[in-house]
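Step one of this worksheet: look at the structure below.
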Amino acid sequence: MYKCVIFDLDGVIVDTAKLHYAAWENILKERWGIRHTSEVDEKTKGVGRYACMELILREYRIDASLEEAKAAADAKNAYYVELLKNELSKSDILPGISEALEWLKCRGILTGLASSSQNAKIILNKLHLTFDYIANPANIKKGKPEPDIYLDVAANLGVKPSECIGIEDAMSGVASVKRAGMFCIGVGDAKRLQEGDKVIKNTVDILPLLQEIMGELQDWTEGFTWMFSCADGRSVESKPIRRYLQDMTDMYEAAGEGNPLIYEYYPLEAPADSGDISFGTTILYPGNVNGQLFMTKGHFHLDVNTAEVYLGIKGRGLLQIENEKGDTKLLTIEPGRAAYSPKGFAHRLINTGEEPLVTFFSYRADAGHDYKTIYEKGFRELVYGDKAGTYRVKKNPK
Ligand code: PAN
Ligand code: ZN
């Protein structure tokens, strides 16, 4: 149901409050000889640069011309940017945020940033964080508490507001998320943020809460599960095994760049007994290495005479199968269609589409895995992607 999580920046991802405070303090003292107070500072949170200046002038009853005010706001910002550049680092990311972002990305859930800060890009660069979309506050007509910035992120990511969760620490931010028609997580004081759908004290609580909300709502029609129910009534969460390009470089014809995540799988290994079956979920991401489509490593089972079945849940792709005699096939995998790798056949998944290919697999628990043969030689056919979303098959020279 939820496809996207949108974050506020200050107070949620990073705490720049101290730096803002120091910058305002400096400017107010220098220009008007005024001592900045934490009460006024609190009211400036989540408010854009010039709106902040107006608020401060009002609060301290400062009489300034429009030019003076603008110049002071710009000077405050210049000072603040200096502080950001000199004092901000990865260690300033608030606790639990990196883990939450990683968790969302691994599940193909979109991430967005809805910050009123014109300095968001500088901050994210310093923190080495990326998002699927970052709103540009200069293009947003009405700031928080109006919903515009959150609606902008949703529109640019192609999701409905009802499919988004917004995370905020300020009252104006919570109001903005709610007016946008999104589910709101407030981080901070429960009373102050009571408009939020759920309020947690601390950023470390974000990931468990997201897991609770999204884990509950994930079901087969959403295309993915890593929670399995057991006969004894327990729910078991399977731990993912992740394969990056560098784990399988020699398997692609040409060396690729970087180290993207290619696939992850959530196996629920039953005891290695012939009467049991192991099963789980594989997510193979879309992409290619110099045109060769993303694929899993692939393997024979150690007991060659064991079959396996894959069921397509989401996305499109192929189950490539091949036996020692050289019989080789590419079986279509799509939602609702099962593909069978008969006994004696090695198998691998290939993603021919543009979204993650999610499958459920099941095989005899004592089958074992033999990766060596495929790792060294590969399958007889290599599958390349064409722009039109179709694929091309090449003979494997190995
Ligand atoms: C699957 C695969 C899973 C990952 O569980 O193990 O999709 O692919 P590789 O094992 O080829 O890396 C399976 O076929 N088990 O037997
Ligand atoms: Zn297998």
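The values are calculated or read from the model by the stated rules, or taken from the named source; none is laboratory data. In this text, all values refer to a predicted model and were calculated from it rather than measured experimentally. Neighbour counts are summed over all protein chains in view; Cβ atoms, including those assigned to glycine, are modelled from backbone coordinates with ideal geometry. In case anyone asks, the SASA skips ligands and DNA or RNA and just uses the protein heavy atoms, side chains included. Shrake-Rupley method; radii C 1.70, N 1.55, O 1.52, S 1.80 Å.
Could you pull out the residue among Ala17, Ala23 that is among the hydrophobic types (A, V, I, L, M, F, W, C) and surrounded by fewer than 21 Cβ atoms within 10 Å (Cβ to Cβ)?
Numbers: Ala23 fails: surrounded by fewer than 21 Cβ atoms within 10 Å (Cβ to Cβ).
Within the list Ala17, Ala23, the selection yields Ala17.
Given the conditions (1) over 17 Å from Ala254 (Cβ atoms); (2) of a type outside the set (A, V, I, L, M); (3) away from ligand 1 (no atom under 16 Å from the Cβ), which single one is not true for Arg364?
With (1) over 17 Å from Ala254 (Cβ atoms); (2) of a type outside the set (A, V, I, L, M); (3) away from ligand 1 (no atom under 16 Å from the Cβ) applied to Arg364, the lone miss is (3).
Go through (1) under 29 Å from Asn259 (Cα atoms); (2) open to solvent by 10 Å² or more (accessible area, probe 1.4 Å); (3) in a strand (DSSP E or B) and name the single condition Ile321 misses.
The single condition Ile321 does not satisfy is (2).
Asp366 is checked against (1) of a type in the set (D, E, K, R); (2) open to solvent by 70 Å² or more (accessible area, probe 1.4 Å); (3) within 30 Å of Asp273 (Cβ to Cβ) and fails just one. What number does that condition carry?
Going through (1) of a type in the set (D, E, K, R); (2) open to solvent by 70 Å² or more (accessible area, probe 1.4 Å); (3) within 30 Å of Asp273 (Cβ to Cβ) one by one, Asp366 breaks only (2).
Among the listed residues Arg337, Arg380, Arg348, identify the single one that is closer than 27 Å to Leu268 by Cβ, open to solvent by 40 Å² or more (accessible area, probe 1.4 Å) and touching a strand residue (DSSP E or B) at 6+ places or on another chain (Cβ under 7 Å).
Details: Arg380 fails: closer than 27 Å to Leu268 by Cβ; Arg348 fails: open to solvent by 40 Å² or more (accessible area, probe 1.4 Å).
The conditions single out Arg337.
Considering only the stretch 238-264, state which residues are within 17 Å of Ser362 (Cα to Cα) and free of Cβ contacts under 8 Å to residues at least 40 places away in the same chain. Please lay out each step first, then the result.
From the stretch 238-264, those within 17 Å of Ser362 (Cα to Cα) are 238-241, 264; that's our starting set.
Once the filter is applied, which keeps residues that are within 17 Å of Ser362 (Cα to Cα) and free of Cβ contacts under 8 Å to residues at least 40 places away in the same chain, the stretch 238-264 yields Lys239, Ile241.
Quick one: in the stretch 285-306, of everything that is on the phi < 0 side of the Ramachandran plot and away from ligand 2 (no atom under 14 Å from the Cβ), which residue is nearest to the chain's Cα centre (by Cα)? Quick ask: steps written out before the conclusion?
Step one: filter the stretch 285-306 for residues on the phi < 0 side of the Ramachandran plot, giving 285-286, 288-289, 292-297, 299-306.
With away from ligand 2 (no atom under 14 Å from the Cβ) added as a condition, the list becomes 285-286, 288-289, 292-294.
Values: Tyr285: 13, Pro286: 15, Asn288: 20, Val289: 22, Gln292: 25, Leu293: 22, Phe294: 19 Å.
So the residue we want is Tyr285.
Of the residues in the stretch 1-14, how many are assigned to a loop (DSSP other than H, G, I, E, B) and open to solvent by less than 70 Å² (accessible area, probe 1.4 Å)?
Within the stretch 1-14, the subset assigned to a loop (DSSP other than H, G, I, E, B) is 1-3, 8-9, 11-13.
Keeping just the survivors that are open to solvent by less than 70 Å² (accessible area, probe 1.4 Å) gives 2, 8-9, 11-13.
Count: 6.
Looking at the structure I just gave you, is Gly326 in contact with a strand residue (DSSP E or B) (Cβ under 7 Å, 6 or more places away or on another chain), in contact (Cβ under 8 Å) with a residue 40 or more places away in the chain and either within 22 Å of Tyr384 (Cβ to Cβ) or of a type in the set (Asp, Glu) (or both)? Before the answer, list the steps.
Details: in contact with a strand residue (DSSP E or B) (Cβ under 7 Å, 6 or more places away or on another chain): no; in contact (Cβ under 8 Å) with a residue 40 or more places away in the chain: yes; either within 22 Å of Tyr384 (Cβ to Cβ) or of a type in the set (Asp, Glu) (or both): yes.
No, not satisfied.
Could you tell me whether the stretch 69-89 includes any residue that is within 36 Å of the chain's Cα centre (by Cα) and under 21 Å from Phe183 (Cβ atoms)?
Within the stretch 69-89, none of the residues are within 36 Å of the chain's Cα centre (by Cα) and under 21 Å from Phe183 (Cβ atoms).
Among the residues of the stretch 177-186, which ones are assigned to a helix (DSSP H, G or I) and under 21 Å from the mean Cα position of the chain (by Cα)? Walk me through it before giving the result.
Looking only at the stretch 177-186, we keep the residues that are assigned to a helix (DSSP H, G or I), and these are 177-179.
Listed by number, the list holds a single entry, Val177.
Could you list, in sequence order, all residues of the stretch 27-71 that are of a type in the set (D, E, K, R), surrounded by 14 or more Cβ atoms within 10 Å (Cβ to Cβ) and in a loop (DSSP other than H, G, I, E, B)?
Once the filter is applied, which keeps residues that are of a type in the set (D, E, K, R), surrounded by 14 or more Cβ atoms within 10 Å (Cβ to Cβ) and in a loop (DSSP other than H, G, I, E, B), the stretch 27-71 yields only Lys45.
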